[in-house]
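The values are calculated or read from the model by the stated rules, or taken from the named source; none is laboratory data. Just so we're clear, the structure is a prediction, and the values are computed from it rather than from any experiment. Cβ: placed from backbone, ideal geometry, glycine included. Neighbour counts: every protein chain shown. Just so you know, the surface numbers come from the protein's heavy atoms only, side chains and all, with ligands and any DNA or RNA stripped out. Shrake-Rupley method; radii C 1.70, N 1.55, O 1.52, S 1.80 Å.
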There are 2 protein chains.
Amino acid sequence: MDNPKYRKRANLRDVAKLANVSVATVSRVLNTPDSVAENTKAVVNAAIAELRFVPSAAARAINSGRSRVVGALVPTLDHAIFARYLAALEQKLSEYRLSLVVATTNGDASVEAQKAQTLVDIGAEGLIVSGITHEPELFELIERCQLPAVATSYFDPDFLLPTIGYDNAGAGRIALEYLLSLGHSAIAVVHGSLNSNDRTLARLKGLEGHDTARLSFFEADLSIEDGCAATNKILSRDDGPTAILCLSDVLATGVLYELKRHKVAVPDDISVIGIDDLPGSAHTFPALTTVHLPVVRMGHATATAISEWIEHGKRPSERLFETDLVVRESTRARTGI
Amino acid sequence: MDNPKYRKRANLRDVAKLANVSVATVSRVLNTPDSVAENTKAVVNAAIAELRFVPSAAARAINSGRSRVVGALVPTLDHAIFARYLAALEQKLSEYRLSLVVATTNGDASVEAQKAQTLVDIGAEGLIVSGITHEPELFELIERCQLPAVATSYFDPDFLLPTIGYDNAGAGRIALEYLLSLGHSAIAVVHGSLNSNDRTLARLKGLEGHDTARLSFFEADLSIEDGCAATNKILSRDDGPTAILCLSDVLATGVLYELKRHKVAVPDDISVIGIDDLPGSAHTFPALTTVHLPVVRMGHATATAISEWIEHGKRPSERLFETDLVVRESTRARTGI
DNA sequence: ATGAAAGCGCTAACAT
DNA sequence: ATGTTAGCGCTTTCAT
């Protein structure tokens, strides 16, 4: 604009020329400034300033062989539990001076495979995926690129990739058994979509094998709104349950709201339990009993694992985090027991 | 491992050698496959497969001068409104074949400046920041790198960077005026931290100049928990307000819960209004009256603007999205008016 | 249709 | 302390 001879971005050579030094010297003031004499340094810095020189990230990357970027593939960002997890992940990665690229898959494995390719195309040095259900292409990509990759939110020591997560089936079981121990047997289960969501599937699996339980199932999208909708379906049935087990706190939050709207008392008329333990769950009214999922610790551990793998080549071993029951006010013993 | 002569990642030359062609030909089968004879293509592809060749992102970037990465600096991921916004942003950016790197600042401008540098170091081609309050270093960096950068969640046509957002002061005003029109005058305002959060500041600003309003202010962290805490403070005062204006729906959600816990009827005893319109806000009990912030459209517009800027060099003009009042069930006319 | 060779912007080994 | 130079892995003329 105001520069007569419009010049593209300056490079090392331009700086070197202007400062009357070699490119090596310029490179040194950038990387090992202590090894350069004060006055030359000053001249070089002046040239850098004058030319508004900014080192090229790509050129650096090509030499170091590093991009310092890791990619995470998550179903969605628009869900508190993933957001929370990613927040922890990003925070820890940044301690390792690694940046986080987020790609959302919408729970679609083929989108995931395609976005994984995009991540490789921008030079991601590591990949983090959710769950263990993926397209073969994803695994081929990881294999072909020899890419450090871990699967999270799931635990399976036999999985191809190291898993860092928790026992989803166990979380479901804990919730169910607590309800059972409270004397409930007619229980409505509200769960997220079964399409390509192994976490939901596993939680459901954890509900099996309890003869005393009379379970009815209600599928819903993972939103407060759908929690409300599921509640209406539950209430419209003759054989009303005495407890509602939600496989996710978001769902449970909707259930709580809708029960309130119908003037159904919780936990007096119906007990409600969730899984997740979102930040808000401790403060709903009534406070939600739930199974705590250690997503923050999982995020930190994942960041550490992938960093170590990238930096030192050591493949992490799988890692299991405990889930635990958090009893609050939305559950109580079945009356008349 | 099982490869006798352990070989590092293969490159174009290795492939060319194995396929008995030149590197140019290999490059062609990668980029313009139609310009290569079928049989040579087959030979080359076989070599690529055998050597498990993966093109280097850095080397591509150095030639194209592109990284296809844009960076976003947000206060936190762990808040529904930002997560929702980023979800929209990422979705649209990916349509432009751009990847999103997320960096969180914790609302700290100096962390922001430092992370912006990190983003530049990995070769980000564009930057997206939140609000208009930043360290001089941030602006210097943007200026020095001639980096396309936009500020979001805020609107100010006079700002150095193009702003793409909404009128925060206006949103505050809309909420207050609605409460006023309902006959409320003693109003408690619950707002987020004032530290380097120009959005909160602006919303507060929008509350000024209404003589009939008797406002009392309560600062809180942006969490359901702190919404509850603020409510307790409000209720403990003698001169109880007839309405509570929350500058964020998360806060309002906490307020709603806590009022319920204290058996204060909403909206009969106290009206509650929020700002944001989170997905869940339509389904709280009672459903929350709030001011809708068009973060999804803002995310899409931001993605489009930064993409066009990066690809075609056209600096976007600022963009203002309307906020609008969504009347639901948590507000009503002050009784006895 | 294919190849040879010149870079892209930087780092690092080797000289001086 | 500073300079020379050879790459890094690819794309892209320019020939053939």
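Structure notes:
- Distances in nm from B:SER236 to the matching label points in the other copies, shortest first (labels 7 Å along Cα to Cβ): 4.6
- Translational diffusion coefficient (Stokes-Einstein; Kirkwood radius from C-alpha pairs) of the stretch A:4-64 at 4 °C, 1.567 mPa s, in µm²/s: 109 µm²/s
- Alpha carbon convex hull of the protein assembly as shown, volume per residue in cubic angstrom: 190 Å³
- Set of lysines with alpha-carbon distance to B:LYS41 below 16 Å, sequence-local pairs under 8 removed: B:LYS17
- Solvent-accessible area assigned to carbon and sulfur over the stretch A:4-64 amounts to 53 percent, based on a 1.4 Å probe.
- Each other copy places its own label point for B:ALA42 at 7.0 nm from this one, sorted shortest first, where the point lies 7 Å along the Cα-to-beta carbon line.
- Around the Cα centre of the protein assembly as shown, unit charges on the Cβ atoms of Lys, Arg, Asp and Glu (plus for the first two, minus for the last two) sum to a dipole of about 2040 debye.
- Choice from B:VAL74, B:VAL101, B:VAL272 with maximal GNM fluctuation in chain B (Cα, 10 Å cutoff): B:VAL101
- Shielding by partners, peptide A:89-101 (average Cβ within 10 angstrom, other chains): 4
- Centre separation in Å (Cα based) which lies between the stretch A:35-76 and the stretch B:219-247: 48 Å
- For the stretch A:163-229, the C-alpha radius of gyration sits at 1.14 times the compact-globule guess of 2.2 N^0.38 Å, with N the residue count.
- Dividing the summed helix terms, -39500 (n - 2.57) for each DSSP H run of n ≥ 4, by the number of residues in the protein assembly as shown produces a 222 nm estimate of -13000 deg cm²/dmol to the nearest 500.
- When the residues A:GLU329, B:GLU112, B:GLU50, B:GLU311 are ordered by accessible surface, computed with a 1.4 Å probe over the protein chains alone, the sequence from largest down reads B:GLU50, A:GLU329, B:GLU311, B:GLU112.
- The mean number of partner chain beta-carbon atoms within 10 angstrom of a residue's beta-carbon across peptide B:168-175 is 0.
- If both residues of a DSSP beta bridge must be in chain A, then about 10% of such bridges are antiparallel.
- Expressed to the nearest 5 percent, the antiparallel share of DSSP beta bridges inside the protein assembly as shown is 10 percent.
- Unit charges at the beta carbon, dipole of the protein assembly as shown: most positive-side option, B:LEU119, A:GLY65, B:ILE273: A:GLY65
- Distance from the B-onto-A rotation axis is smallest for the Cβ of the chain B residue given, in whole Å, as B:ALA83, 2.
- Copy-to-copy label distances for A:LEU194, where each label lies 7 Å from Cα along Cα-to-Cβ, are 5.6 nm in order of increasing length.
- Carbon and sulfur %, accessible surface of the stretch B:242-337 computed with the full protein complex present, 1.4 Å: 50 percent
- Among the listed pairs A:LYS233/B:LYS260; A:LYS314/B:LYS115; B:LYS115/B:LYS260; A:LYS115/A:LYS260; B:LYS92/B:LYS115, those beyond 30 Å (Cα-Cα): B:LYS115/B:LYS260; A:LYS115/A:LYS260
- Interface area, chains B and A: about 4000 Å² of buried accessible surface, summed, with a 1.4 Å probe and ligands, DNA and RNA left out.
- Among B:LEU180, B:LEU320, B:LEU12, the largest mean-square fluctuation in a Gaussian network model of chain B, built with springs joining Cα atoms closer than 10 Å, belongs to B:LEU12.
- Column: log10 I(q)/I(0), Debye, Cα scatterers of the stretch A:168-293, q = 0.09, 0.12, 0.17, 0.23 Å⁻¹: -0.20, -0.36, -0.76, -1.52
- Counting all C-alpha pairs of the stretch B:1-112, share separated by more than 17 Å (%): 68 percent
- For the stretch A:96-207, the Kirkwood radius over C-alpha pairs fed into Stokes-Einstein at 10 °C and 1.306 mPa s yields D = 101 µm² per second.
- Shielding by partners for peptide A:241-254, expressed as the average number of C-beta atoms from other protein chains within 10 Å of each residue's C-beta, is 1.
- Both radii are taken from the alpha-carbon atoms of the stretch B:255-337; with Rh as the Kirkwood radius, Rg/Rh is 1.23.
- Here chain B is treated with +1 on each Lys and Arg Cβ and -1 on each Asp and Glu Cβ, and its dipole about the Cα centre works out to around 1520 debye.
- Signed unit charges on C-beta, dipole axis of the stretch A:4-64, positive-most listed residue A:THR25, A:VAL54, A:ALA42: A:VAL54
- Projected area averaged over orientations for chain B, convex hull of C-alpha atoms, nm²: 22.9 nm²
- Accessible area in square angstrom per residue, chain A, 1.4 angstrom probe: 44 Å²
- Taking GluC sites (Glu not before Pro) across the stretch B:194-240, the ones in a DSSP loop with at most 14 further Cβ atoms lying within 10 angstrom of their Cβ are B:GLU208.
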